[in-house]
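Asker: This structure is in structure tokens; I'll ask about it shortly.
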Amino acid sequence: MTRPLIKLTLLASMFAFSATALAAEQGLLAIITPSHDNPFFKAEAEGASAKAKELGYATLVASHDDDVNKQNQLIETAIARKAKAIILDNAGADATVGPVQKAKDAGIPTFLIDREINKTGIAVAQIVSNNYQGAQLGAEKFAKLLGGKGEYVELLGKESDTNAGVRSQGYHDVLDDYTDLKMVAQQSANWSQTEAFSRMETLLQKHPNIVGVISGNDTMALGAEAALKAAGKTSVIVVGFDGSDYTRDSILNKGNIKATVLQPGWDQAQMAVTQADYYLKNGKAQKQEKQLMDCVLIDDSNAAKLKNFNLAK
């Protein structure tokens, strides 16, 4: 090995050691979300991890797959590994209260993103999208796309998730004012694309004259769109919620999905890490516990600017 190459190798080794030492010095952040099969949760994990590494933390990234027991085991692991803080998109508003309290008792602060829990004072922050405001945006667009009339169906999210109920309420506080719009079915597809496809197939057999589908998230909207296409129902309008790149592509390609509602998952996750860093360095919260981030309607006017749950300025 030549002398210049030896020097370069040593420099690379020193840089790698320095980065590792810095991460070890700052400590470990546990980042726990639902399944990364859903691009929204994957974006959360990637956004949080990127910010954590930027600030000098090591990361433990894991998914609880909406399984409460698995979530509890992951929080136990974070406690055992003496994580400095936990960034969590939780598996249940009630079921998560105990594990977050346990982490707090162990001296590990939790910063919740996307989904709230049914208790205040145990997490340092609960940073969530303004789901009600976003749902109203989506419902207003849906009604406009349908011309304010016709039969439609609603696909609900997971019933244990507070967001599912809030979004549905936001939808109906708008749509129920349209006397010529009639909801003929409302079913849960548990945030799942596969379940939404199956539900939509059955719903189309019972209600062949529907003109629209409003969905609690984009993953279910994509499942509904696939079923509609398979049935040759290319004119049935679908509106989703999340702001994924997949729904963006459907909007731009003139598919069934005409609009979605962007909740800024990437920014939300990075904000949680920034606040965790502040808390660890200052011993106090940077902001109040409950924090709402407004959503943005995505349609053919701005879909091209959407990427990875972030809207370019």
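The values are calculated or read from the model by the stated rules, or taken from the named source; none is laboratory data. Computed from a prediction, not measured in an experiment: that's the story for all the values here. No Cβ is skipped: glycine too gets one built from the backbone with ideal geometry, and neighbour counts run over all protein chains shown. The protein model used for the area step is the full one, side chains on, heavy atoms only, and it has no ligands, DNA or RNA in it. Shrake-Rupley method; radii C 1.70, N 1.55, O 1.52, S 1.80 Å.
Yes/no matrix, rows are residues, columns are (1) basic (Lys, Arg); (2) free of Cβ contacts under 8 Å to residues at least 24 places away in the same chain; (3) out of contact with any Gly (no Cβ under 7 Å at 6 or more places or on another chain); (4) surrounded by 15 or more Cβ atoms within 10 Å (Cβ to Cβ):
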{"position": "SER49", "(1), (2), (3), (4)": "no, yes, yes, yes"}
{"position": "LEU55", "(1), (2), (3), (4)": "no, no, yes, yes"}
{"position": "THR59", "(1), (2), (3), (4)": "no, no, yes, yes"}
{"position": "HIS64", "(1), (2), (3), (4)": "no, no, yes, yes"}
{"position": "ASN69", "(1), (2), (3), (4)": "no, yes, yes, no"}
{"position": "THR77", "(1), (2), (3), (4)": "no, no, yes, no"}
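Asker: Within region 149-169, track down each residue that is in a loop (DSSP other than H, G, I, E, B), open to solvent by 10 Å² or more (accessible area, probe 1.4 Å) and small (Gly, Ala, Ser). Before the answer, list the steps.
Answerer: Step one: list which residues in region 149-169 are in a loop (DSSP other than H, G, I, E, B), which gives 149, 157-161.
Now narrow it down to the ones that are open to solvent by 10 Å² or more (accessible area, probe 1.4 Å): 149, 158-161.
SER160, the sole residue that qualifies.
Asker: May I ask you to list the residues in region 90-105 that are part of a loop (DSSP other than H, G, I, E, B) and surrounded by fewer than 16 Cβ atoms within 10 Å (Cβ to Cβ)? Talk me through it step by step, then tell me what you get.
Answerer: Initially, region 90-105 is screened for residues part of a loop (DSSP other than H, G, I, E, B), giving 90-96.
Answer for region 90-105, where residues must be part of a loop (DSSP other than H, G, I, E, B) and surrounded by fewer than 16 Cβ atoms within 10 Å (Cβ to Cβ): just ASP94.
Asker: Follow-up. How many of the residues making up region 172-198 are out of contact with any Gly (no Cβ under 7 Å at 6 or more places or on another chain), open to solvent by 60 Å² or more (accessible area, probe 1.4 Å) and either in a loop (DSSP other than H, G, I, E, B) or among the small types (Gly, Ala, Ser) (or both)?
Answerer: 3
Asker: If we keep just the residues of region 260-285 that are of a type in the set (Val, Ile, Thr) and within 24 Å of GLY56 (Cα to Cα), which is least open to solvent (accessible area, probe 1.4 Å)?
Answerer: Just the residues of region 260-285 that are of a type in the set (Val, Ile, Thr), to begin with: 260-261, 273-274.
Applying the additional criterion that residues be within 24 Å of GLY56 (Cα to Cα) yields 273-274.
Values: VAL273: 0, THR274: 56 Å².
The selected residue is VAL273.
Asker: Another question, if that's okay. How about region 199-282: which helices (runs of 4 or more DSSP H) wholly inside it have at least 3 residues that are in contact (Cβ under 8 Å) with a residue 40 or more places away in the chain and among the aliphatic types (A, V, I, L, M)? I'd like the intermediate steps shown before the answer.
Answerer: Numbers: elements: 218-230, 245-252, 265-282.
Filter on region 199-282 gives 218-230, 265-282.
Asker: Quick one: which residue in ILE122, ILE87, ILE108, ILE79 is at pLDDT 95 or above, of a type outside the set (Asp, Glu) and part of a strand (DSSP E or B)? Don't jump to the end; show me each part of the working.
Answerer: Values: ILE122 fails: part of a strand (DSSP E or B); ILE108 fails: part of a strand (DSSP E or B); ILE79 fails: part of a strand (DSSP E or B).
Just one listed residue meets the conditions, ILE87.
Asker: For region 286-308, which positions are open to solvent by 50 Å² or more (accessible area, probe 1.4 Å) and under 22 Å from ALA83 (Cβ atoms)?
Answerer: GLN286, LYS287, listed by residue number.
Asker: Looking at ILE113, is it touching a helix residue (DSSP H, G or I) at 6+ places or on another chain (Cβ under 7 Å), in contact (Cβ under 8 Å) with a residue 60 or more places away in the chain and either closer than 26 Å to ASN282 by Cα or open to solvent by 10 Å² or more (accessible area, probe 1.4 Å) (or both)?
Answerer: Values: touching a helix residue (DSSP H, G or I) at 6+ places or on another chain (Cβ under 7 Å): yes; in contact (Cβ under 8 Å) with a residue 60 or more places away in the chain: yes; either closer than 26 Å to ASN282 by Cα or open to solvent by 10 Å² or more (accessible area, probe 1.4 Å) (or both): yes.
The answer is yes for ILE113.
Here's the yes/no breakdown for (1) at pLDDT 95 or above; (2) assigned to a helix (DSSP H, G or I):
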{"site": "LEU29", "(1), (2)": "yes, no"}
{"site": "ILE32", "(1), (2)": "yes, no"}
{"site": "SER35", "(1), (2)": "no, no"}
{"site": "THR59", "(1), (2)": "yes, no"}
{"site": "ASN69", "(1), (2)": "yes, yes"}
{"site": "GLN73", "(1), (2)": "yes, yes"}
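Asker: A further question on this structure: Given the conditions (1) farther than 19 Å from VAL124 by Cβ; (2) modelled with pLDDT of 95 or more; (3) over 15 Å from the mean Cα position of the chain (by Cα), which single one is not true for ALA52?
Answerer: Unmet condition: (1).
Asker: Inspect all residues belonging to region 117-138 and state whether any of them is open to solvent by 40 Å² or more (accessible area, probe 1.4 Å), within 30 Å of GLY27 (Cα to Cα) and without any contact (Cβ under 8 Å) to a residue 40 or more places away in the chain. Spell out how you get there, then give the answer.
Answerer: First, the residues of region 117-138 that are open to solvent by 40 Å² or more (accessible area, probe 1.4 Å): 118-121, 132-133, 136-137.
The next check asks that each one be within 30 Å of GLY27 (Cα to Cα); those that pass are 118-121.
The next check asks that each one be without any contact (Cβ under 8 Å) to a residue 40 or more places away in the chain; those that pass are 119.
Scanning region 117-138 turns up at least one residue that is open to solvent by 40 Å² or more (accessible area, probe 1.4 Å), within 30 Å of GLY27 (Cα to Cα) and without any contact (Cβ under 8 Å) to a residue 40 or more places away in the chain.
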